[in-house]
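These notes are about the structure you will find just below.
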Amino acid sequence: MKSLFLSMIKDHMYSKRYAKSTIEAFLFWIAAYIRFNNMQHPSSMGDTQIELYLNHLVNSQNVAQGTQAQALNALSFLYKEIIKCPLSLSLNFVKSERPRKLPVVLTQTEVSMLFKYCMAKHYLACALLYGSGMRLMEVLRLRVQDIDFDYSCVRIWDGKGGKNRVVTLATELIPQIRTQIQLVESYLQLDLNNPLFCGVFMPHLLRKKYPNHNKQLGWQYLFPSYKLSIDPQSKQLRRHHIDEKQLQRAVKKAARDAQINKHVTPHTLRHSFATHLLQSGADIRTVQAQLGHSDVRTTQIYTHVLQQGANGVISPFSRL
């Protein structure tokens with residue numbers, strides 16, 4: 001990264017354990033804001049320039065509500081954490097009114113076709129996206145111990161918004177998960193023989209509380225990378241989870257090979273999970289809990305499919 005200022009922000013965010021995708025997004029908006037203001041340093045600007053930039057995003061670029069909100073969050077972080085001069089709570093700018101798009105949803109036939117063309121090495125991760133309704137990064141950050149075989153569920157820690165939840169697990173996937181755990185264990189045995197291996201990444205407080213757990217099987221990522229890499233924050237050798245782009249490409253290729261004429265991404269499988277649960281008779285509050293939505297109004301976007309009353313949660317993967 002050429003800019004020393006942006007490099008400093010990047011290092012600061014890594015030290016605070018921000019997600020990689022959040023770091024990339026914030027750096028993008030901060031750089032765009034600086035370019036919009038003719039390369040002025042942010043410390044010489046403030047509320048007025050922020051308002052003008054947010055207005056520009058809506059009036060000239062016609063961005064969606066979420067995009068404008070992300071830009072504001074990035075700039076709020078910049079001024080609060082880096083410049084040490086928080087923005088005013090009474091910013092006056094034009095808010096985007098672009099209507100929210102309806103989610104792309106696959107039929108169960110299309111989901112079946114998608115899995116027929118899904119590569120074997122990515123099948124299980126994709127199956128969890130649909131079978132449990134998880135977000136892409138929630139699947140990739142799963143640890144071995146997050147799978148509860150006794151209760152056929154998956155425990156998700158520190159999901160979007162820092163929330164924890166429990167989601168259903170299709171029992172049909174249990175044999176594959178056990179096989180995947182055996183693969184993880186074989187990787188771990190190789191890593192333990194490497195004197196430079198420093199164990200898997202663990203959250204800061206847990207790293208202090210359980211200093212030796214980073215080399216235990218339960219804490220290893222369920223979908224580990226095939227090679228070791230250097231942790232950008234600690235500079236230690238670790239085995240991280242696979243990159244999200246692998247799964248994104250795998251889903252797109254499977255949809256293309258299955259000749260599904262829709263814009264299909266990993267998140268499409270989450271949308272399909274929610275819609276198919278409602279279609280099978282699950283109550284909207286149950287679906288809300290499975291998806292981890294704070295507000296039921298977020299879940300109501302899926303009610304274009306008629307509800308049929310309350311029912312127990314059966315993973316839609318079991319109906320394929």
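Among the residues of segment 222-235, the ones that are assigned to a loop (DSSP other than H, G, I, E, B), among the polar types (S, T, N, Q) and within 17 Å of Pro195 (Cβ to Cβ) come to 1 in all.
In the condition set (1) open to solvent by 30 Å² or more (accessible area, probe 1.4 Å); (2) farther than 30 Å from Ser318 by Cα; (3) free of Cβ contacts under 8 Å to residues at least 60 places away in the same chain, Arg17 is compliant with all but (3). Taken over segment 96-106, the criterion of being closer than 17 Å to Thr265 by Cβ and open to solvent by less than 70 Å² (accessible area, probe 1.4 Å) is satisfied by Pro103, Val104, Val105, Leu106. Among the residues of segment 179-194, none is identified as within 25 Å of Ile314 (Cβ to Cβ), over 24 Å from the mean Cα position of the chain (by Cα) and surrounded by 12 or more Cβ atoms within 10 Å (Cβ to Cβ).
Each row is one residue, and each column tells you yes or no for (1) in contact (Cβ under 8 Å) with a residue 60 or more places away in the chain; (2) farther than 16 Å from Arg319 by Cβ; (3) touching a Pro at 6+ places or on another chain (Cβ under 7 Å).
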residue: Val139; (1), (2), (3): yes, yes, no
residue: Val144; (1), (2), (3): yes, yes, no
residue: Cys153; (1), (2), (3): no, yes, no
residue: Trp157; (1), (2), (3): no, yes, no
residue: Gly161; (1), (2), (3): yes, yes, no
residue: Val166; (1), (2), (3): no, yes, no
residue: Leu169; (1), (2), (3): yes, no, no
residue: Ile177; (1), (2), (3): no, yes, no
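Looking for something of a type in the set (Ser, Thr, Tyr) and under 19 Å from Ser3 (Cα atoms) - is there at least one such residue anywhere in segment 57-64? No.
Answer with yes or no whether His240 is within 25 Å of Tyr14 (Cβ to Cβ) and either in contact (Cβ under 8 Å) with a residue 24 or more places away in the chain or open to solvent by less than 40 Å² (accessible area, probe 1.4 Å) (or both). Spelling it out, His240 is indeed within 25 Å of Tyr14 (Cβ to Cβ) and either in contact (Cβ under 8 Å) with a residue 24 or more places away in the chain or open to solvent by less than 40 Å² (accessible area, probe 1.4 Å) (or both). Kindly indicate whether any position in segment 74-83 is over 25 Å from the mean Cα position of the chain (by Cα) and without any contact (Cβ under 8 Å) to a residue 60 or more places away in the chain. Yes, segment 74-83 contains at least one residue that is over 25 Å from the mean Cα position of the chain (by Cα) and without any contact (Cβ under 8 Å) to a residue 60 or more places away in the chain. Among the residues making up segment 260-288, those that are without any contact (Cβ under 8 Å) to a residue 40 or more places away in the chain, part of a loop (DSSP other than H, G, I, E, B) and either among the aromatic types (Phe, Trp, Tyr) or open to solvent by 40 Å² or more (accessible area, probe 1.4 Å) (or both) are Asn261, Asp283. On the stretch given as segment 38-56, residues that are surrounded by 16 or more Cβ atoms within 10 Å (Cβ to Cβ) and not in a helix (DSSP H, G or I) total 1. The one condition from (1) open to solvent by 30 Å² or more (accessible area, probe 1.4 Å); (2) under 26 Å from Ile30 (Cα atoms); (3) in a loop (DSSP other than H, G, I, E, B) that Ser76 does not meet is (3). The number of residues in segment 195-221 being open to solvent by 50 Å² or more (accessible area, probe 1.4 Å) and either of a type in the set (S, T, N, Q) or not in a helix (DSSP H, G or I) (or both) comes to 7. Of all the criteria given as (1) surrounded by fewer than 16 Cβ atoms within 10 Å (Cβ to Cβ); (2) out of contact with any Lys or Arg (no Cβ under 9 Å at 6 or more places or on another chain), the one not satisfied by Asn62 is (2). When every residue of segment 81-91 is checked against the conditions, at least one turns out to be surrounded by 16 or more Cβ atoms within 10 Å (Cβ to Cβ) and either modelled with pLDDT of 95 or more or closer than 21 Å to Gln233 by Cα (or both).
The values are calculated or read from the model by the stated rules, or taken from the named source; none is laboratory data. Note that the structure is predicted; figures quoted are calculated from it, not measured. No Cβ is skipped: glycine too gets one built from the backbone with ideal geometry, and neighbour counts run over all protein chains shown. Note: accessible area is taken over every heavy atom of the protein model, side chains too, but ligands, DNA and RNA are not part of it. Shrake-Rupley method; radii C 1.70, N 1.55, O 1.52, S 1.80 Å.
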